[in-house]
Amino acid sequence: MIKVITYGTYDLLHQGHINLLRRAKELGDYLIVGVTSDSFDRGRGKFSVRNNVLERVEAVKATGYADEVIIEDYVGQKIDDIQKYNIDIFAIGSDWEGTFDYLNEYTKVVYLPRTEGVSSTMLRAETTTDIKVGIIGCGRVAHRFPTEAAVVNGLKIVAAYDINEGICKSFTEVNDGIIVCKNIQELYDSVQSVYVATPHLSHYKYIKDALNAGKHVLCETPMVLNGEQAKELFKLAEQKRVILMEANKTAYCPAFNHLMVMIKSGVIGDVVDINASLSKLWDDNKSLREFDPKQAGGSLYELGSYPLLPIIKLLGCKYENLSLYSRIKDGVDMYTKGIFHFEHAVCSFQVGLGVKTEGNLVISGTKGYVYVPAPWWKTDYFELRYEDQNKNQKFFYKWDGAGLRYEIQEFISCILNRRFSSARLRRRESICMAEIMQAFAEHRNFNKI
Ligand code: CTP
């Protein structure tokens, strides 16, 4: 029996795929088709795949050519599969000519003619009109956005607005195709969605205006510093039938998500303690917004939403008590430590702009613990550790670019699929973070150190 194997994403299954599968099947007696997993595709920069892995597997099966469908999940798997399934022929479309010659060492490699004039990329482009995005606030934070958005399909940044027109002009000079808007109305007139990257205290007003204008909003973290405001904005978004999302980059990255779902599935038992810290030592340059009390500067506002994320995601929003300890200088916290007491757990976090500390994440459970080294907020690696060290596991991932592409992709996907809440960062979780920021502002359970 001649066994053939072929691989692909098979998104929006088209005639080119069907022809390829038929040709591959004709090479032998038994055809195995490897369909890429969603995370594998994201890991290799394919952010725009429309069908999920289950839909793609079903589509391949429905062609009737595959005798077996497997999932391709890691680099190097082709060699493993060829040996594991005793493969005689590896077949792939001619667009890959030469790429898989290294497999000749293990099996016969055949490049099959590709069907001209059709591809998933083409079909995706034909069926999507790009969501037009406008940027509000063209300062330091916004500069990373266009490069990251460029790798995500389905959106186009067309306009920008900044209270300081000069800053807006310099921004558009280095980013092609973006028009400078003289006022916010001009921006709303040219887009369906906005990315808010202004200083914290202006978020509330910009978000509210944009939602009232019927625009989808992706807002930099911390979205707002007050729980009631967060609730009000999410409610308004719902009424207006638009998406409101907080751009907390860690929340949307694949590795962090995998870690969260693994812990929720019980790999370390019940979570009893979480310790998350993050420090970013700046020269306390008074001209920086981060050190200006009038602009909500300070460690907690600036960095807090990152360590709060694993705590809230894993233990929820119903803590019994939160104590906050801060070292204050010139009106802003240079360092803040928070201690949460949940019914069956205790957690702590540390954030510092003027104090350096080990920036790792440790999640302790009844069966084992998770260790994520700094910079854990750009998660690309973590370890599961147990009493019996033979059971320890290490997980490696890719963190691409500045990491904003994951939140941008989720934002566009929510808009296209009319999903009003993302499981990656739920509305109630964003609200809870805003409530914690508010508790800090109101000095509830607060101690100076
Ligand atoms: N294929 C083909 N003819 C086409 C398109 C794809 O023969 N017109 C083949 C590819 O060479 C590969 C298999 O189909 O062997 C699966 O390819 P995949 O990457 O899933 O399809 P594409 O349409 O090329 O997808 P994309 O545009 O996302 O790269």
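Can you find even one residue in the stretch 229-251 that is closer than 25 Å to Ser277 by Cβ and part of a loop (DSSP other than H, G, I, E, B)? So that I can check it myself, show each step before the final result.
Of the residues in the stretch 229-251, the ones closer than 25 Å to Ser277 by Cβ are 230, 246-251.
Next, from what is left, pick out any that are part of a loop (DSSP other than H, G, I, E, B): 248.
Taking every residue of the stretch 229-251 in turn, at least one turns out to be closer than 25 Å to Ser277 by Cβ and part of a loop (DSSP other than H, G, I, E, B).
Regarding Val272, is this residue modelled with pLDDT under 95 and hydrophobic (A, V, I, L, M, F, W, C)? Please lay out each step first, then the result.
Details: modelled with pLDDT under 95: no; hydrophobic (A, V, I, L, M, F, W, C): yes.
The answer is no for Val272.
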Does any residue of the stretch 272-286 turn out to be surrounded by 22 or more Cβ atoms within 10 Å (Cβ to Cβ) and farther than 14 Å from Phe349 by Cα?
-> no
Some residue of the stretch 152-174 being touching a residue at least 60 places away in the same chain (Cβ under 8 Å), within 25 Å of Gly401 (Cβ to Cβ), surrounded by 15 or more Cβ atoms within 10 Å (Cβ to Cβ) and in contact with a strand residue (DSSP E or B) (Cβ under 8 Å, 6 or more places away or on another chain) | yes
Restricting the search to the stretch 340-358, which residues are under 26 Å from the mean Cα position of the chain (by Cα) and farther than 17 Å from Pro310 by Cβ?
-> Gly352, Leu353
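Against the condition among the aromatic types (Phe, Trp, Tyr), more than 27 Å from Val152 (Cα to Cα) and away from the ligand (no atom under 12 Å from the Cβ), how does Tyr74 come out, does it pass?
On the way: among the aromatic types (Phe, Trp, Tyr): yes; more than 27 Å from Val152 (Cα to Cα): no; away from the ligand (no atom under 12 Å from the Cβ): yes.
It is false that Tyr74 is among the aromatic types (Phe, Trp, Tyr), more than 27 Å from Val152 (Cα to Cα) and away from the ligand (no atom under 12 Å from the Cβ).
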Subset of the stretch 35-51 [in contact with an Asp or Glu (Cβ under 7 Å, 6 or more places away or on another chain), within 10 Å of the ligand (Cβ to nearest atom) and not β-branched (Val, Ile, Thr)] = Arg50
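How many residues are outside any helix (DSSP H, G or I) and either surrounded by 14 or more Cβ atoms within 10 Å (Cβ to Cβ) or more than 13 Å from the ligand (Cβ to nearest atom) (or both) if we restrict to the stretch 85-97? Give the steps one after another, and end with the answer.
Quick first cut of the stretch 85-97, residues outside any helix (DSSP H, G or I) only: 85-93, 97.
Checking the rest, the ones that are also either surrounded by 14 or more Cβ atoms within 10 Å (Cβ to Cβ) or more than 13 Å from the ligand (Cβ to nearest atom) (or both) come to 85-93.
Going through the stretch 85-97 one residue at a time, the tally reaches 9.
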Evaluation of Glu58 against (1) near the ligand (Cβ under 8 Å from one of its atoms); (2) over 22 Å from the mean Cα position of the chain (by Cα) (one fails), failing number | (1)
Counting only residues that are within 15 Å of Ser422 (Cα to Cα) and touching a Lys or Arg at 6+ places or on another chain (Cβ under 8 Å), the stretch 222-240 contains a total of 1
Of all the strands (runs of 3 or more DSSP E) wholly in the stretch 336-449, which have at least 1 residues that are among the small types (Gly, Ala, Ser) and touching a Gly at 6+ places or on another chain (Cβ under 8 Å)?
-> 345-352, 361-365
Look through the stretch 260-293, keep the residues that are over 25 Å from Leu322 (Cα atoms) and in a helix (DSSP H, G or I), and return whichever of them is nearest to the chain's Cα centre (by Cα).
-> Val261
Sole residue being touching a residue at least 24 places away in the same chain (Cβ under 8 Å) and surrounded by fewer than 18 Cβ atoms within 10 Å (Cβ to Cβ), chosen from Ala345, Ala441 = Ala441
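Between Tyr381, Tyr335, Tyr306, which is surrounded by fewer than 21 Cβ atoms within 10 Å (Cβ to Cβ) and touching a helix residue (DSSP H, G or I) at 6+ places or on another chain (Cβ under 8 Å)? I'd like the intermediate steps shown before the answer.
On the way: Tyr335 fails: surrounded by fewer than 21 Cβ atoms within 10 Å (Cβ to Cβ); Tyr306 fails: surrounded by fewer than 21 Cβ atoms within 10 Å (Cβ to Cβ).
One residue alone meets the criteria, Tyr381.
Can you tell me which residue in the stretch 1-33 is nearest to Tyr106 (Cα to Cα), limited to those that are aromatic (Phe, Trp, Tyr) and near the ligand (Cβ under 10 Å from one of its atoms)?
From the stretch 1-33, those aromatic (Phe, Trp, Tyr) are 7, 10, 30; that's our starting set.
From what's left, near the ligand (Cβ under 10 Å from one of its atoms): 7, 10.
Numbers: Tyr7: 16, Tyr10: 25 Å.
Looking at residues that are aromatic (Phe, Trp, Tyr) and near the ligand (Cβ under 10 Å from one of its atoms), I get Tyr7.
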Being acidic (Asp, Glu) and in contact (Cβ under 8 Å) with a residue 40 or more places away in the chain, is that true of even one residue in the stretch 193-216?
-> no
Give the number of residues within the stretch 98-107 that are within 16 Å of the ligand (Cβ to nearest atom) and without any contact (Cβ under 8 Å) to a residue 24 or more places away in the chain.
-> 4
The listed residue being of a type outside the set (Val, Ile, Thr) and either at pLDDT 95 or above or closer than 30 Å to Met223 by Cα (or both), out of Asp95, Asp101 = Asp101
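The values are calculated or read from the model by the stated rules, or taken from the named source; none is laboratory data. Computed from a predicted structure; not experimentally measured. Here the Cβ is made from the backbone with ideal geometry for all residues, glycine too, and neighbour counts use every protein chain on show.
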